[in-house]
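Here is the structure we will look at.
The values are calculated or read from the model by the stated rules, or taken from the named source; none is laboratory data. None of these values were measured; they are calculated from a predicted model. Cβ sites come from the backbone with ideal geometry, for glycine too, and all protein chains shown count toward neighbours.
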Amino acid sequence: MKKLLVRLTLLALIIWGVYQVYGFYGQYKEKKRKDSYYENLVDTSSPTVTVLKDAIMIDYQNARRTVHVYVPPEYATDTSSRYPVMYFMDGESSFNDLSNMGPEWEIDEVINAASKAGEQTAIVVGIEEAENRDAEYTPFVNEDNPDAHGDKFAEWLATDFKKWVDKNYRTKNDRANTYIGGISRSGMMAYYILMAHPDVFGNALIQSPSMWVDPDRLFAMELSDEQLKDKKIFVSVGEYEGRGMINPAKRIYDKFKARGLDDNHLKYQMIEDESHWHITWRKSFAIAYPWLMGY
């Protein structure tokens, strides 16, 4: 009996060892792949992307922030047209591999293609993340985030910053043409901002949302029928992000589905073969944009 136990123990140790070696090898291969990617980064932004370095004052923080602004290819020549506006948090990732130090979301490439095909184009404003990203992208103070001020950031974005964008660009400034988007923690903030400022933001791109930050208070937020009317909400998550991310994303979809939003106003997208990283959100945006714009 003892010999059997010893053999089983040795077998278990061998299996565990093989599993650990396989895991370390997988991590090594992934690191090599990413290192190779980073070594070959180049500027991938379109000519109509402008980086406004430290140009925007966030008054309540007494700090300046860099924003990245994309306008459609026809913006300079078609001076009579106005455009929907998409606001993205974590905006340094929107247009340029070099700015992101990794795969950009290719927002400009997607909209450039829409322009070439004669489809609806949009202005996109990417707001760079703060040094204390967690505090800015957490709406409620809690034990993990005693300095959280996401509610104030959302208020600033919906008022002061939106007014600045509408003043400086030819926008369609009504809620039906105003979009909020983000990924991961800022994906959760996109949900929060849609719920907290429904009369400003008519549409949302909620990608891989980190609802674990404060699920009870976030899911408790509700909109009236009038506030929910005509909104378009796109929710996505990577296939390999795990139940902790997939289940809350699906719960957001189910929440709005239960309120009566149909397939023209609500979409849930599983991004196959992808995990929690920028290629997932690149693929997500390529699916989301034409659906949101209705083509």
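I'd like to check something: does the range 228-241 contain any residue that is assigned to a helix (DSSP H, G or I), without any contact (Cβ under 8 Å) to a residue 60 or more places away in the chain and β-branched (Val, Ile, Thr)?
No, that holds for no residue.
Yes or no, residue by residue, for (1) basic (Lys, Arg); (2) within 18 Å of the chain's Cα centre (by Cα); (3) closer than 26 Å to GLU131 by Cβ; (4) buried (at least 19 other Cβ atoms within 10 Å of the Cβ):
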| position | (1), (2), (3), (4) |
| --- | --- |
| TRP164 | no, no, yes, no |
| LYS172 | yes, no, no, no |
| MET189 | no, yes, yes, yes |
| LEU205 | no, yes, yes, yes |
| MET221 | no, no, no, no |
| GLY238 | no, yes, no, yes |
| ARG251 | yes, yes, no, no |
| LYS257 | yes, no, no, no |
| GLY260 | no, no, no, no |
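If we scan the range 192-202, do we find a residue that is crowded, with 24+ Cβ neighbours inside 10 Å, assigned by TED's automatic domain parsing to the domain that holds VAL124 and assigned to a strand (DSSP E or B)?
No, the range 192-202 contains no residue that is crowded, with 24+ Cβ neighbours inside 10 Å, assigned by TED's automatic domain parsing to the domain that holds VAL124 and assigned to a strand (DSSP E or B).
For residues that are farther than 24 Å from ALA286 by Cβ and polar (S, T, N, Q), scanning just the range 223-236, find the one that is surrounded by the fewest Cβ atoms within 10 Å (Cβ to Cβ).
Result: SER224.
Which pairs have Cβ atoms under 6 Å, sit 6 or more apart or on different chains, and link a residue in the range 170-191 that is outside the structural domain of SER94 (by TED's automatic domain parsing) and touching a residue at least 24 places away in the same chain (Cβ under 8 Å) to one that is among the small types (Gly, Ala, Ser) and part of a helix (DSSP H, G or I)?
Once the first residue is outside the structural domain of SER94 (by TED's automatic domain parsing) and touching a residue at least 24 places away in the same chain (Cβ under 8 Å) and sits in the range 170-191, no partner that is among the small types (Gly, Ala, Ser) and part of a helix (DSSP H, G or I) comes close enough.
Which of (1) more than 22 Å from MET86 (Cβ to Cβ); (2) under 15 Å from the mean Cα position of the chain (by Cα) is the odd one out, the single condition ASP225 does not satisfy?
For ASP225, the failing item is (2).
Could you check the range 59-101 and list, in sequence order, the residues that are in a helix (DSSP H, G or I), polar (S, T, N, Q) and more than 15 Å from the chain's Cα centre (by Cα)?
Of everything in the range 59-101, just one residue is in a helix (DSSP H, G or I), polar (S, T, N, Q) and more than 15 Å from the chain's Cα centre (by Cα), namely SER99.
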